[in-house]
Amino acid sequence: MNDKVGLGLTTASEASFDTFFIGENELALDRARHGERVWLFGERATGKSHVLHALAQETADARYITEHPPNLDKDSTAPLLLIDDIDALSGNEESEYALFAVYEATDFAKTRWVVTAQSAPNEVSFLYRDLASRMSLFERVELRPVPESARGSLLRFWANDRSIGISDEVIQFLLDRIPRTQESLWDTLQKLDRKSLLENRTLTIPFVREVMNFE
């Protein structure tokens with residue numbers, strides 16, 4: 001699994017809802033799991049791809065599409081269609097036509113859709129007005145970032161899932177010195193984990209100071 005799948009969440013194990021740091025997203029996850037046409041949007045590193053991977057894990061014969069342009073020839077028969085970064089397909093005639101065609105093919109079927117994007121559907125510039133109209137029918141569900149006040153708990157959650165030993169003192173040391181974005185926290189933990197395994201050292205403050213070149 002790509003390291004970036006778990007930004008905001010985890011990649012230590014197979015992405016699942018058990019390894020998702022829920023934060024303020026309980027309702028969003030419920031709609032992603034049970035909605036018929038769900039447009040899951042939010043800023044980078046909130047774990048949108050993780051949610052799709054988790055849905056694919058718990059749904060037999062789900063079809064997870066990441067290729068651009070998408071190959072949608074047989075997807076009208078899938079019980080669950082998952083499309084990551086659907087907004088990246090806008091502006092490409094071939095991709096938009098494929099999306100529109102498969103939407104029409106699944107319109108009267110029982111196929112569920114969950115797609116991800118950084119913006120709401122009305123903020124995406126689709127070339128085809130009919131496709132924009134269909135996408136506007138999706139239920140808009142925002143995946144919110146973890147509140148800054150909970151970033152320490154998020155870092156602890158990641159560390160526990162990856163079996164990384166890290167003290168509260170080290171967590172606070174990091175939070176005082178690096179940007180508290182979810183992407184920055186994730187990249188820092190990945191870097192420290194790799195270095196500690198390579199050198200067979202624990203995550204102490206002196207070790208973290210050395211690896212991160214802190215003064």
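Residue check: Leu82 meets all listed conditions (1) in contact with a His (Cβ under 7 Å, 6 or more places away or on another chain); (2) closer than 13 Å to Ala32 by Cα but one, namely (1). Quick one: would you say Glu58 is out of contact with any helix residue (DSSP H, G or I) (no Cβ under 9 Å at 6 or more places or on another chain), open to solvent by 50 Å² or more (accessible area, probe 1.4 Å) and not β-branched (Val, Ile, Thr)? Spelling it out, it is not the case that Glu58 is out of contact with any helix residue (DSSP H, G or I) (no Cβ under 9 Å at 6 or more places or on another chain), open to solvent by 50 Å² or more (accessible area, probe 1.4 Å) and not β-branched (Val, Ile, Thr).
This table checks each residue for (1) touching an Asp or Glu at 6+ places or on another chain (Cβ under 8 Å); (2) among the polar types (S, T, N, Q); (3) farther than 16 Å from Trp113 by Cα.
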site	(1), (2), (3)
Gly23	no, no, yes
Leu29	no, no, no
His34	no, no, no
Arg37	yes, no, no
Glu43	no, no, yes
Ser49	yes, yes, no
Ala54	no, no, no
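Quick one: in the stretch 139-156, of everything that is out of contact with any Phe, Trp or Tyr (no Cβ under 7 Å at 6 or more places or on another chain) and open to solvent by 80 Å² or more (accessible area, probe 1.4 Å), which residue is farthest from Glu183 (Cα to Cα)? That would be Ser149.
Can you confirm whether the stretch 157-166 contains a residue that is surrounded by fewer than 16 Cβ atoms within 10 Å (Cβ to Cβ), without any contact (Cβ under 8 Å) to a residue 40 or more places away in the chain and closer than 21 Å to Arg44 by Cα? Scanning the stretch 157-166 turns up no residue that is surrounded by fewer than 16 Cβ atoms within 10 Å (Cβ to Cβ), without any contact (Cβ under 8 Å) to a residue 40 or more places away in the chain and closer than 21 Å to Arg44 by Cα. Residue by residue through the stretch 169-187, note down the ones that are in contact (Cβ under 8 Å) with a residue 12 or more places away in the chain and not polar (S, T, N, Q). If the condition is that a residue be in contact (Cβ under 8 Å) with a residue 12 or more places away in the chain and not polar (S, T, N, Q), then Glu169, Val170, Ile171, Phe173, Leu174, Leu175, Arg177, Ile178, Arg180, Glu183, Leu185, Trp186 are the ones that fit. For the stretch 108-122, a residue qualifies if it is among the aliphatic types (A, V, I, L, M) and within 16 Å of the chain's Cα centre (by Cα), and the qualifying residues are Val114, Val115, Ala117, Ala120.
Within the stretch 172-215, the set of residues being aromatic (Phe, Trp, Tyr) and either part of a helix (DSSP H, G or I) or open to solvent by less than 10 Å² (accessible area, probe 1.4 Å) (or both) comprises Phe173, Trp186, Phe207. Selection of the stretch 88-124 for residues being open to solvent by 40 Å² or more (accessible area, probe 1.4 Å) and closer than 20 Å to Leu143 by Cα yields Ala88, Gln118, Asn122, Glu123.
In the stretch 30-145, counting only helices (runs of 4 or more DSSP H) that sit wholly within it, the ones holding 1 or more residues that are more than 25 Å from Asp187 (Cα to Cα) and modelled with pLDDT of 95 or more span 129-135.
The values are calculated or read from the model by the stated rules, or taken from the named source; none is laboratory data. Computed from a predicted model, the values in this text were never measured in an experiment. For neighbour counting, all protein chains shown are included, and Cβ atoms are generated from backbone atoms with ideal geometry for every residue, glycine included. Heads up: the accessible areas ignore ligands, DNA and RNA and are worked out on the full protein's heavy atoms, side chains in. Shrake-Rupley method; radii C 1.70, N 1.55, O 1.52, S 1.80 Å.
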